[in-house]
Amino acid sequence: MLQKLTIIMSRNLFKSRIPLISKLWKSADLLESEKLSKEIKDRVMNIVKKREDEAVNGEVNSFGNDFLGLLVNAYHDSDEKNRFSLEDLLAECKTFYFSGQETVNSLLSWIVLHLAIHGDWQEKARREVIDIFGNRNPHLEGVAKLKIMTMIINETLRLYGPSNGLARAVTREVQLGKLLLPANIDILPLYTGVHRDPHFWGDDVHHFKPERFAEGIAKATNYTAAAFLPFGLGPRSCVGMTFAMIETKIVLSMILQRYTFTLSPTYVHSPIFVLSIRPQHEIQVILEPPHHNA
Ligand code: HEM
């Protein structure tokens, strides 16, 4: 549902709209997106209602300390000034769902693609995982030691970072390098511009070379923080960054423990930008038990 809505949003992102017209006439996309928004709202409200009912029926003595619990608490805040509106609650749930789900999905897909092509890096990553976890489930202490995997994730974020830049509103005239930006415009700086700039990364900028990150991000970027910004930069940068990295490492470790994978001949390379950068035709790989490649 959210994916359908995202696709509709993406294809309408740069279409101009005439004020008031949409009140008189609605395009098929607008009608479909209103329907999807309502369904998403109903589903989120069902989850919230369930949480409220548990507290009201005395099954639990609060709305909970997890993220949903904090939001529901804010929605019921006795102080009207601090209270979350229904719109706030829904917007937060949708933001976290989208930011958390689509991004990590895309990242994992691109990593699998690169490791399917670069079997040597797949093998290095697997060896590291087996050295640290054996065949046991990944644990946090071990996740912190995954150096090769961190390099692979960073290199994938550089080449196919799920977020390809975000719109910013220019509220006052500002000089940005050689550009003079007038007030009241929106800009969309694309991360690909810096992530694939040979000035920062060298002539092999388009190649998958995790070894760039062997001595960390600062060294890889020659201490230019804005040369690598898959999670954004500044006060509005991604709040889920650490969570996303840990989640990716856990999932990838579990895949590497169980399978070796090679790219299927049916794969067609066609990245598209539908709010996140994703493989248009999915990524087909051939899975085998790990000992086949050992
Ligand atoms: C590979 C995974 C992810 C990538 C590449 C990514 C990237 C980004 C980027 C580029 C931004 C905007 C930063 C800016 O405006 O400067 C952002 C914002 C955000 N991300 Fe992520 N993200 C990822 C995973 C997650 C996860 C797992 C969560 C939550 C569990 C999350 C929650 C958020 C939220 C709530 C914001 C908005 C922050 C704000 O406006 O203050 N993200 N993310």
(message) When you check ARG158 against the structure, is it within 16 Å of the ligand (Cβ to nearest atom), under 23 Å from TRP110 (Cβ atoms) and either assigned by TED's automatic domain parsing to the domain that holds LYS249 or touching a residue at least 12 places away in the same chain (Cβ under 8 Å) (or both), yes or no?
(response) yes
(message) Give all pairs with beta carbons closer than 9 Å in which a residue from the stretch 54-68 that is at negative phi meets a residue that is among the hydrophobic types (A, V, I, L, M, F, W, C) and part of a loop (DSSP other than H, G, I, E, B); count only pairs at least 6 apart in sequence or on separate chains.
(response) GLU54/VAL60; GLU54/PHE63; ALA55/PHE63
(message) Which condition from (1) among the β-branched types (Val, Ile, Thr); (2) in contact with a Lys or Arg (Cβ under 6 Å, 6 or more places away or on another chain); (3) at pLDDT below 90 is the one that VAL72 breaks?
(response) (3)
(request) May I ask you to verify whether PHE84 is at pLDDT 90 or above, on the phi < 0 side of the Ramachandran plot and either of a type outside the set (Val, Ile, Thr) or not in a helix (DSSP H, G or I) (or both)? (result) yes
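Within the stretch 162-195, how many residues turn out to be within 16 Å of the ligand (Cβ to nearest atom) and surrounded by 11 or more Cβ atoms within 10 Å (Cβ to Cβ)?
Total satisfying the criteria: 15.
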(message) Checking the conditions here, which among LEU89, LEU113, LEU108 is farther than 30 Å from MET149 by Cβ, in contact with a Leu (Cβ under 8 Å, 6 or more places away or on another chain) and either assigned by TED's automatic domain parsing to the domain that holds LYS209 or outside any loop (DSSP other than H, G, I, E, B) (or both)?
(response) LEU89
(message) Take the residues in the stretch 86-106 that are away from the ligand (no atom under 11 Å from the Cβ) and not hydrophobic (A, V, I, L, M, F, W, C); name whichever of them is farthest from GLY240 (Cα to Cα).
(response) GLU87
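Taking the conditions exactly as written (more than 16 Å from the ligand (Cβ to nearest atom), touching a residue at least 24 places away in the same chain (Cβ under 8 Å) and either part of a helix (DSSP H, G or I) or not assigned by TED's automatic domain parsing to the domain that holds LYS15 (or both)), does SER78 satisfy them or not?
Taking the combined requirement at face value, the residue does not satisfy it.
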(request) Quick one: count up the residues across the stretch 107-116 that are in contact with a strand residue (DSSP E or B) (Cβ under 7 Å, 6 or more places away or on another chain) and either near the ligand (Cβ under 10 Å from one of its atoms) or of a type in the set (Gly, Ala, Ser) (or both). (result) 2
(message) Out of LEU252, LEU256, I need the residue that is buried (at least 18 other Cβ atoms within 10 Å of the Cβ), more than 16 Å from the ligand (Cβ to nearest atom) and in contact (Cβ under 8 Å) with a residue 40 or more places away in the chain. Which one?
(response) LEU256
(request) Test each condition in (1) in contact with a strand residue (DSSP E or B) (Cβ under 7 Å, 6 or more places away or on another chain); (2) within 16 Å of the ligand (Cβ to nearest atom); (3) of a type in the set (Val, Ile, Thr); (4) over 20 Å from GLU155 (Cβ atoms) for VAL274 and report the one that comes out false. (result) (1)
(message) If ARG83 meets every condition in (1) under 23 Å from the mean Cα position of the chain (by Cα); (2) surrounded by 12 or more Cβ atoms within 10 Å (Cβ to Cβ); (3) more than 16 Å from the ligand (Cβ to nearest atom) apart from one, which number is that one?
(response) (1)
(request) Inspect the stretch 232-246 for any residue being at negative phi and more than 11 Å from the ligand (Cβ to nearest atom) and give the result as yes or no. (result) no
(message) Would you confirm whether or not the stretch 164-179 contains a residue that is touching a strand residue (DSSP E or B) at 6+ places or on another chain (Cβ under 6 Å) and in contact (Cβ under 8 Å) with a residue 40 or more places away in the chain?
(response) yes
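The values are calculated or read from the model by the stated rules, or taken from the named source; none is laboratory data. The shown structure was predicted, so the numbers you read here are calculated from the model rather than taken from an experiment. Using ideal geometry, Cβ is built from the backbone for each residue, glycine included, and neighbour counts are taken over all protein chains shown.
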